[in-house]
Amino acid sequence: MNSEQPHAKTGRLVVVGGGTAGAEAAFASRNAGWSGEIILLSEESYPPYHRPPLSKELLTASSAFVAPDPLKGAPLYDRKNIDLRLNTSVERIDRENRLLQLNADRSLAYDHVILAVGGHARELPMLSGFDRPAPNVHTLRTIGDCTRLRAAFRTGRTLMIVGAGYIGLEVAAAAIESGQRVVLLEAAPRVLARVTAPVVSRFFEREHTDRGVEINTETTIERVSLDPNGAVDRVWTSDGTQYPVDNLIVGVGLAPNVQLARHAGLAVGNGIVVGEDMVTTDPRILAIGDCADFPSTIYDRRMRLESVANAVEHARRAAATLTGAAPKPWQLPWFWSHQYDHSLKIVGLSTGYDETRIIDDPGSRSFAVEYLREGRLVAVDAINHAAAFRSGKQRMSEAVHT
Ligand SMILES: Cc1cc2nc3c(=O)[nH]c(=O)nc-3n(C[C@H](O)[C@H](O)[C@H](O)COP(=O)(O)OP(=O)(O)OC[C@H]3O[C@@H](n4cnc5c(N)ncnc54)[C@H](O)[C@@H]3O)c2cc1C
């Protein structure tokens, strides 16, 4: 850590972003001994909440109104003296005067800042380049997005999903259970192509098609037509098919929120560039979570990850940096997904694997895939198979930490 950043554990720490990374960083800093002010700014109107249920149980919940699941109970903010300010966005960082320019012409002085600003859902030019946004084209990132999408779910309607990654497949599972026609378009030759082996893709393709999801791989949108209200009412796809649609959801990935950092002159790569201590190119500003481009000592390269486990780990590292504590060793990345009654758990990153080993029979609905590179285990996908997940995680952790 840079010498400009004394470990005084006092002063005003402002955390920008009320997602998992931001909320965890505020609490972890207090728990690690930060005795100064901690202000947590969130541009959302709900206190920090769990995002994973937005594409899972909250989409299928039968109640008319769904509330987000809070990350921390309301009394905890008082108890830990964390000043949570909702509906507050940072519009600019004035590094010279150590001021954050907020919405509504307000400003806030800081001693240290943690940027935990996450990202926004990528859009498709084909579905977003209209004079005004089409009211039936959705993305899914916030509780507001989830509520709008739920309101659009009606038996007998047609939902087109663009992108067969985790979020696209989770929404497909929820939508088909709600009695809609679900048409899934994926540009790659198979679902989850970027993150799993073909055997895992085949398993999930079968589970979805058996329940009625129409999966079209190597297919993209060619053109669309709008109704008089500006809603997309018809889609022509690259395989020559024409679909009448009621709603569309675009699940083609996340773009990190780097504008604030870029305008402030901080280094930006595939996210806000930080060191292992989560400090940006300004020693008073740290960045964590989905928005941070960090050096992984486990993988010996820079990366950006989008997962709850990564956000929590970054938050604890940032707290250690600010309070002068020794950080815990890096943990292996891990992720999960739920579709229907299936649990997929992934540990490690399979990128660049040259061999796979299948554990148990994919036909039995409980199996796992181990990914190896040059004979070394680098990742495990476990489908309804907790034992394979645990064992893979343990073997990889031992290899990394010895
Ligand atoms: C639908 C969905 C399902 C998911 N499912 C899983 C899952 O099953 N497993 C898993 O591990 N991960 C999952 N994730 C990813 C996981 O939720 C994130 O990786 C994790 O929450 C870390 O996010 P973050 O805090 O870095 O960013 P975010 O959660 O994006 O939070 C960033 C916050 O910063 C706010 N913000 C941005 N700019 C400003 C500004 N200028 N001023 C003030 N506030 C600002 C944003 O409004 C937002 O509240 C899912 C994500 C989504 C959207």
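Things worth noting here:
- Isotropically averaged projected area of the stretch 50-175, using the convex hull of Cα atoms (one quarter of hull area), nm²: 11.2 nm²
- The angle separating the long axis of helix 166-177 from the principal Cα axis of greatest extent in the chain is about 50 degrees.
- Each residue of the stretch 82-90 is assigned a 3J(HN,Hα), and the resulting list reads 10, 8, 8, 10, 8, 6, 10, 10, 8 Hz, derived from the Karplus form 6.51 cos²θ - 1.76 cosθ + 1.60 (θ = phi - 60°), x at Gly and Pro.
- Counting only lysines at least 8 places from Lys72 when in the same chain, those with an alpha carbon closer than 18 Å to its own are Lys80.
- Solvent-free Debye calculation, one equal scatterer per alpha-carbon of the chain: log10 I(q)/I(0) at 0.08, 0.14 Å⁻¹ equals -0.47, -1.31.
- Angle of helix 386-401 to the longest C-alpha principal axis of the chain, folded into 0 to 90 degrees and rounded to 10: 40°.
- Most fluctuating residue given options Asn216, Asn31, Asn97, as computed from a GNM of the chain linking Cα atoms under 10 Å: Asn97
- Highest-first arrangement of 297-307, 59-69, where packing means the average Cβ count within 10 Å: 297-307, 59-69
- Across the accessible surface of the chain, with the other protein chains kept in place and a 1.4 Å probe, carbon and sulfur atoms take up 48 percent.
- With the simple spin-label model, which puts each label point 7 Å out from Cα in the Cβ direction, the Glu398 to Arg148 separation comes to 5.0 nm.
- Dividing the convex hull volume of the alpha-carbon atoms in the stretch 202-274 by its residue count gives 178 Å³ per residue.
- Computed over the chain: relative contact order in percent, which uses C-alpha pairs under 8 Å that are six or more apart: 16 percent
- Estimated FRET transfer efficiency (Ala187, Ala387; beta-carbon r; R0 35 Å; 0.05): 0.50
- When peptides 342-348, 24-30 are ranked by their average number of other Cβ atoms within 10 Å per residue, the highest-first order is 24-30, 342-348.
- Å² of accessible area per residue within the chain, as computed with a 1.4 Å probe and no ligands counted: 45 Å²
- Dividing the convex hull volume of the alpha carbon atoms of the stretch 341-401 by its residue count gives 76 Å³ per residue.
- Counted residue by residue at 0.36 nm each, then reduced by the alpha carbon distance between them, the extension gain from Arg365 to Lys9 reaches 123.1 nm.
- Under 14 Å from Lys393, Cα to Cα: aspartates and glutamates that are on another chain or at least 8 residues apart: Glu370, Asp381
- The alpha-carbon atoms of the stretch 123-250 define a convex hull whose volume equals 104 cubic angstrom per residue.
The values are calculated or read from the model by the stated rules, or taken from the named source; none is laboratory data. Note that this is a predicted model, so its numbers are computed, not measured. No Cβ is skipped: glycine too gets one built from the backbone with ideal geometry, and neighbour counts run over all protein chains shown. Note: areas computed on protein heavy atoms with side chains; ligands, DNA, RNA excluded. Shrake-Rupley method; radii C 1.70, N 1.55, O 1.52, S 1.80 Å.
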